[in-house]
Each structure stands twice: as structure tokens, then as C-alpha cells.
Amino acid sequence: MNAVNPVTVAQRQFISGNEAVAQAARDAGCRVAAAYPGTPSTEILEYVANYPELYSEWSINEKVSLEVAIGASMSGSRALCAMKHVGLNVASDALMTQTLIGAVGGLVIIVADDVGLSSSQNEQDSRYWGRFAHLPVLEPSDAQDAYDMTRAAFDISEQFEVPVIVRLTTRICHVKGVVEAREATEAPQVGGFQKDPARFVMVPGNARHRIPMMMERDNVLRDFAEQTELNRIDPGSNTSMGVITSGAAYFHVREAFPDIPVFKLGFSHPAPVERIREFAASVDQLVVVEEVEPLLETELKAAGITLQGKELLPKVGELTPSVLRPKLAGMLGEALQDAELIPTTEVFPRPPTMCVACPHLGIYYCLSHLRNTIISGDIGCYTLGAGHPWNALDTCISMGASLSTAVGLDKGRAPGDEKKSVIAVIGDSTFLHMGMQGLLDITYNQANVTVLLLDNRAVGMTGGQDAPSSGLNLHGEETSQVDFRKLCEALGVKSERITEVNPYELPTLFKALRTETKIAEPSVIITNQPCVLTERYSKLPPMTVEADKCTGCSNCLDVGCPAILVERRETVVKPNGREKELSFVKIDTAACTGCDLCTNTCAPDAIVPALNVNAINAVEVK
């Protein structure tokens, strides 16, 4: 754990939006921060963990993280929780009630939207939650904004006794910029939890009285939106078009059209409708540039303001200058220059794949060789099993959905599916996040489902963060470690139907799958090897291919390991007249970690330990 870094006035740093949020939380006197890892917001809590004066934790899921922050706020402490956009779906149960309760200590909810779907299953717009939950929404445009607005969010939360949403996007989270930190404020004096059942106990009778207060708070926040300096107008010399925008799109607009007036919304909900109406009167044409849904556009049109928006601009993806210029330049009477229309060349495709020696490789190798299966997948590195060469995943919806979807696949079998085995694949952290309920549903309703619980003791897809399966907390300190066998038994799986296997032992793994899928009752197969990118993984001497023994059968390629490379291909004609393509391979010994998966697939025993290999990233054997 790092020591506290003192902040001086106007200290300049080159940091990401995520780190700026973490520093702002510390400098604002935040006392409690909680999150669940999720790209693009993961690093916020990892940076917060460097501040020992601030309690921080990886929570079991986003709902829990919000509830932890709520409890701290009720105690009078400033609190923050962070999550990616789909995480707020999970937390929404608590969110929709907490809006009636409000905030005591400043309560800030950081939600990071994945505009462009760089690492998510959808592109939902979290600004909707501000409307739905009657909460103010702040939208930073860069790292400096992320710092300033996070600090402002705590003040606004306490001023109006309301949780505040700070909506980031992937670009804001990850792009670095110069940030000037300000003097840290003293943490507000915490008076402790004050009993107030009429406010804190949300039974119908109490909630009914809080709703008018929430509505009145909306009116007060609308007035604030008209006055706050978080919303500002950048003047421009060319008033033939004006733009209203927020978030990362603000800088894209400024780059694309540097001479036009721009209304920058930092406090985007409630919108400052009257200030926007005045702005609209100062320009010939008004355009709303927003990522991604036409929320503001719809509201302003309903207020009688003439403007254009999504009839001109895409409803998906980032609105970068290369998108904005072709769509809007004509409104300024500008012709696009040839330099702006240079055609792009196709980039050689590089689809995502699993890591060298990933323990999931053997699992999908075996699944791809099973017949008559329906495989329900989940969110994590193992979602890549849907791709080449395995093609061994049939569904993927949301965190924990593999198990509950599998119940429906079993109970809703159509004619022709009666003999198919239903398999659910889920990772350890996802299982603990939202999968336990699905397993309980499987056992409670006696669904014929085999669950593959892939325990690599890390939240692998977001960078190998620790989870309750690892026995370590956010700070690397030892804590209780989940025993998945006991947990599955507690959730109703018979002891004899729980199998633990080493996923690198392909014959054992394949036998376990064949056995459990043939038994018509709930079963669980737990794999037990760590993520190769964590310190728990131990590398072995690398392997190599003896070229004179390789027959080109390509069985090893079915493992999907990136360290196995095709050296040459050859087409031969079999005795039956059919053509067969042979793929002769080699192994990148600098990448190979000696997991031994490929040797299990090599009939001619052409894959052997590499001897006398120098300067390799593994244990050297001489």
C-alpha cells in the first residue's frame, strides 16, 4: 500500500480520467469507496486503493457496492461507488429506492459507459438513470473535468441531499490529460448514524411521503442547472450553426468545427432548458451532439426548441471528428476537402483470443469435441469460447445468465432437443457476482444441467483483480477464501455430482464431461488452475515441435493456443479422392509456458520439451 501523496495547490499531473476520479474522491474527503471490476471503470478503485486514509473494497457485485456506499452515506460519511454501465442495471434495485431516501454524507455514483462497445455486451446510455431515478447527472469531457466534477458531485450531493451520477465514457476513463489538482478539503465532520425511520425505512407508508419531496427536489435542481458554472457557452465567430453537447463529444465538436458557438453541458440533467432556449436564438441552426441516445434532443424538442440531432448523426458509436465533419459540414456551407475523404485500408483482422496456456483452452477444446450439446455461456474471458477454433458457446447475455438460461433451455426443450446435453459455463467471480442464484434455481427445480465452474481465482477479463475465490482482498491482504465444493453442496448439488479437475489434463476433463452430461440431474465440474497472468501461475519449461515428426494433422491448432503458429500449409489428395489441407506448425518458445495441453493432442508425439533454449520467458532447461 502506498503512502499518502500530499496535494499542493495547482499540482499538474498527466493522468487518466479514472485516476482523476480517484484523486478527486480523496481530495474531497471521501471516506468509503466500493466497486466491482468492469471495463472501463476498473482502475478507479485500483487507484483509490493507494490511499490508506480511505476505506476501499472490491464488492461482490455492483448492487452490493452501491449499498456499501449508501450505508456510509447514511452514517454521514462521503462515499463513492464505481461501475461500468451494465453494472448500474444490477445496482438499480437499491438506486430506485435510495433516490427517495436521498443522501446524508455525499453519495457519488460513478458509471462508465462503453460507447463503441470496446468491451461490453451492449451500448446502453446511463443518462437514462438520471431521468428514471430523478438524480442529477454530471458529464466530464476529459480528465480535468473528471477531477473537478467528481469533487463538485460530493458538494452537490450534500447541498441537495441527493445521490449524484457522474457519467464517464471509455474515452474519458482511459485517455490521459493534464490535470491540476486543488487543495484537498477537510473531510466533513461525521456525526454518526442518526435514527430516522420515516426516511430510512422505505415501507409504503414512508415512501409515499418521500415522493413529493423528490419531485420538489427536481424543481430545485432545474433551477440549479440554469445557474451552475458546470454548464457554459463557448462563443464562436460563425453563428450559422450552434451545437449543444456533453462528455467526450465536446472536444470532438471543438476539433471538427473550431469557429462555431458550443453549449457545453457539464451538469446535463436536469437540462438548463431556458439557457439553451436563449442559446438557440443566437444561432441560425441548432444541433444536439450526444452519445448515444437522443435523450436531450427529445427533451428539448418537447420544450418547443427547434433543432436537429439523430436525423443527421449516428445512434451508435463515438461521434468523433471523422464522423461529425461529413455529417455537419454542409450546414456551414463548407465543402469537404479531398484530404478529409482519404479512403481507409482494411486492417488485417486480429480477433481476440485467449492467452497462451490459459486454463480455459482445454475446456473449450473438450467442449468443441462433444456432440449434441447446448452450451450456455457467461461474461468473462471464457466468452471467447464462442470464437474460432472452438465455436463452443451458444448463448451469452449477462452476468450469471448462463445458469438460469440453462434452466430454460432444459425445461423448454423443443422436439429434437430431448437428447441434447445442456451445459452452463461460468467463471468463479461471475458465479459469485450473480451466478449462485442460478445454481440454486437449477437444484431447486431439478434441471438437467451440467455446470462448468471455471475457477481461475481472479477476475481475469478486467486485469486479474482478486475476488473472494482468491483469498485476497483489494489490498492484497489475506482474507476468507470461498470453497466452491462446499458452496455448491450448500446450494443443493449432491456431493457425488461435484467433480474437481485440472483443466490441463484433457483425458480426465473429457471423461468428466462425458460422465456428468449423461446423468439426468444437476452436476458441477470445477476446474482449479489459476489465471496465467497472475502470480499464482507457475511456468514450466517450454515446448517445441520436432519438424520431421509433424504430420500436419493440425490437431494441436484446435487447442487455440496463440503460441502455436502455422509454418506452412500443404494440400494433399487422400486415397478416396478428397483433398485435405495439412498445417505444419511450430511453437513460439518465448511465449510457451509448458502447460502441456498441445502434447495431449499430438498423436505422432512431435511436441517435446525445448532443450538448450536461451533467453526464453520461462524456466530454462539445459
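Can we say Arg485 is surrounded by fewer than 18 Cβ atoms within 10 Å (Cβ to Cβ), touching a strand residue (DSSP E or B) at 6+ places or on another chain (Cβ under 6 Å), part of a helix (DSSP H, G or I) and assigned by TED's automatic domain parsing to the domain that holds Gly435? So Arg485 passes the test. Screening Thr551 on (1) within 30 Å of Asn391 (Cβ to Cβ); (2) outside the structural domain of Tyr365 (by TED's automatic domain parsing); (3) at pLDDT below 90 shows it passes everything except condition (3). Only a single criterion out of (1) among the small types (Gly, Ala, Ser); (2) in contact with a Lys or Arg (Cβ under 6 Å, 6 or more places away or on another chain); (3) at pLDDT 85 or above is not satisfied by Ala618, namely (3).
Checking the stated criteria, Thr345 turns out to be of a type in the set (Ser, Thr, Tyr) and surrounded by fewer than 16 Cβ atoms within 10 Å (Cβ to Cβ). Which one of these does Pro507 not meet: (1) in contact with a strand residue (DSSP E or B) (Cβ under 8 Å, 6 or more places away or on another chain); (2) surrounded by fewer than 15 Cβ atoms within 10 Å (Cβ to Cβ)? It is condition (1) that Pro507 fails.
Among residues of segment 519-548 that are closer than 30 Å to Lys420 by Cα, those with a Cβ under 9 angstrom from a residue that is open to solvent by 80 Å² or more (accessible area, probe 1.4 Å) and in a strand (DSSP E or B), sequence gap 6+ or separate chain, pair up as Ile525/Glu500; Ile526/Glu500; Thr527/Glu500; Asn528/Glu500.
None of Ala187, Ala133, Ala152, Ala198 is open to solvent by 10 Å² or more (accessible area, probe 1.4 Å) and within 19 Å of Ala94 (Cα to Cα) except Ala198. The number of residues in segment 36-53 being outside any loop (DSSP other than H, G, I, E, B) and open to solvent by less than 40 Å² (accessible area, probe 1.4 Å) comes to 3.
Pairing residues of segment 177-204 that are without any contact (Cβ under 8 Å) to a residue 24 or more places away in the chain and over 30 Å from Arg12 (Cβ atoms) with residues that are part of a helix (DSSP H, G or I) and open to solvent by less than 60 Å² (accessible area, probe 1.4 Å), at Cβ distances under 7 Å and at least 6 apart in sequence or on separate chains, gives Ala198/Asn206.
Look through Glu62, Glu46 and report the one residue that is in contact with a His (Cβ under 9 Å, 6 or more places away or on another chain), closer than 18 Å to Cys173 by Cβ and not polar (S, T, N, Q). The unique qualifying residue is Glu62. Screening segment 350-455 for helices (runs of 4 or more DSSP H) wholly inside it with 2 or more residues that are outside the structural domain of Thr593 (by TED's automatic domain parsing), of a type in the set (Asp, Glu) and open to solvent by less than 30 Å² (accessible area, probe 1.4 Å) returns no ranges.
Of everything listed in (1) open to solvent by 20 Å² or more (accessible area, probe 1.4 Å); (2) in contact with a strand residue (DSSP E or B) (Cβ under 7 Å, 6 or more places away or on another chain), the single unmet condition for Thr169 is (1).
Answer with yes or no whether Ser118 is at pLDDT 95 or above and in the same structural domain as Lys176 (by TED's automatic domain parsing). Show your work before the answer.
Values: at pLDDT 95 or above: no; in the same structural domain as Lys176 (by TED's automatic domain parsing): yes.
Against the criterion (at pLDDT 95 or above and in the same structural domain as Lys176 (by TED's automatic domain parsing)), Ser118 does not qualify.
Is it the case that some residue within segment 128-135 is part of a helix (DSSP H, G or I), farther than 23 Å from Leu66 by Cβ, of a type outside the set (S, T, N, Q) and touching a helix residue (DSSP H, G or I) at 6+ places or on another chain (Cβ under 8 Å)? There is no residue in segment 128-135 that is part of a helix (DSSP H, G or I), farther than 23 Å from Leu66 by Cβ, of a type outside the set (S, T, N, Q) and touching a helix residue (DSSP H, G or I) at 6+ places or on another chain (Cβ under 8 Å).
Scanning segment 162-210 for residues that are closer than 30 Å to Ala22 by Cα and either of a type in the set (Gly, Ala, Ser) or in the same structural domain as Glu318 (by TED's automatic domain parsing) (or both) gives Gly177, Ala181, Ala184, Ala187, Gly191, Gly192.
Is it the case that some residue within segment 90-109 is within 14 Å of the chain's Cα centre (by Cα), surrounded by fewer than 24 Cβ atoms within 10 Å (Cβ to Cβ) and not in a loop (DSSP other than H, G, I, E, B)? Within segment 90-109 (the criterion being within 14 Å of the chain's Cα centre (by Cα), surrounded by fewer than 24 Cβ atoms within 10 Å (Cβ to Cβ) and not in a loop (DSSP other than H, G, I, E, B)), the answer is yes, since at least one residue qualifies. Would you check if Ser469 is at pLDDT below 95, in contact with a helix residue (DSSP H, G or I) (Cβ under 8 Å, 6 or more places away or on another chain) and under 24 Å from Gly385 (Cα atoms)? In short, yes.
Applying the selection to segment 456-466, what residues are touching a helix residue (DSSP H, G or I) at 6+ places or on another chain (Cβ under 6 Å) and open to solvent by 50 Å² or more (accessible area, probe 1.4 Å)?
Let us first name the residues in segment 456-466 that are touching a helix residue (DSSP H, G or I) at 6+ places or on another chain (Cβ under 6 Å), namely 459-461.
The answer is Met461, and nothing else.
Residue-wise test of (1) of a type in the set (A, V, I, L, M, F, W, C); (2) in contact with an Asp or Glu (Cβ under 8 Å, 6 or more places away or on another chain).
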position: Lys63; (1), (2): no, yes
position: Val68; (1), (2): yes, yes
position: Gly71; (1), (2): no, no
position: Ser92; (1), (2): no, no
position: Val104; (1), (2): yes, yes
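Residues in segment 467-482 that are part of a strand (DSSP E or B) and crowded, with 19+ Cβ neighbours inside 10 Å: Leu472 only.
Output the residues belonging to segment 458-475 that are within 19 Å of the chain's Cα centre (by Cα), among the aliphatic types (A, V, I, L, M) and closer than 14 Å to Ser59 by Cα. Ala458, Val459, Ala467, Leu474 - these are the residues of segment 458-475 that are within 19 Å of the chain's Cα centre (by Cα), among the aliphatic types (A, V, I, L, M) and closer than 14 Å to Ser59 by Cα.
If I filter segment 54-62 for residues that are touching a strand residue (DSSP E or B) at 6+ places or on another chain (Cβ under 8 Å), outside any loop (DSSP other than H, G, I, E, B) and free of Cβ contacts under 8 Å to residues at least 40 places away in the same chain, do I get at least one hit? Before the answer, list the steps.
So the first thing to find is which residues in segment 54-62 are touching a strand residue (DSSP E or B) at 6+ places or on another chain (Cβ under 8 Å), and the list is 54-59, 62.
Going one step further and asking which of them are outside any loop (DSSP other than H, G, I, E, B), we end up with 55-58, 62.
Remaining after also requiring free of Cβ contacts under 8 Å to residues at least 40 places away in the same chain: 55, 62.
The answer is yes; a qualifying residue exists.
The values are calculated or read from the model by the stated rules, or taken from the named source; none is laboratory data. The model shown is predicted, which means the values in this text are computed figures rather than measured ones. Every residue, glycine among them, receives a Cβ derived from its backbone with ideal geometry; neighbour counts consider all protein chains shown. Remember, those area values only see protein heavy atoms, side chains included, never the ligands or the DNA or RNA. Shrake-Rupley method; radii C 1.70, N 1.55, O 1.52, S 1.80 Å.
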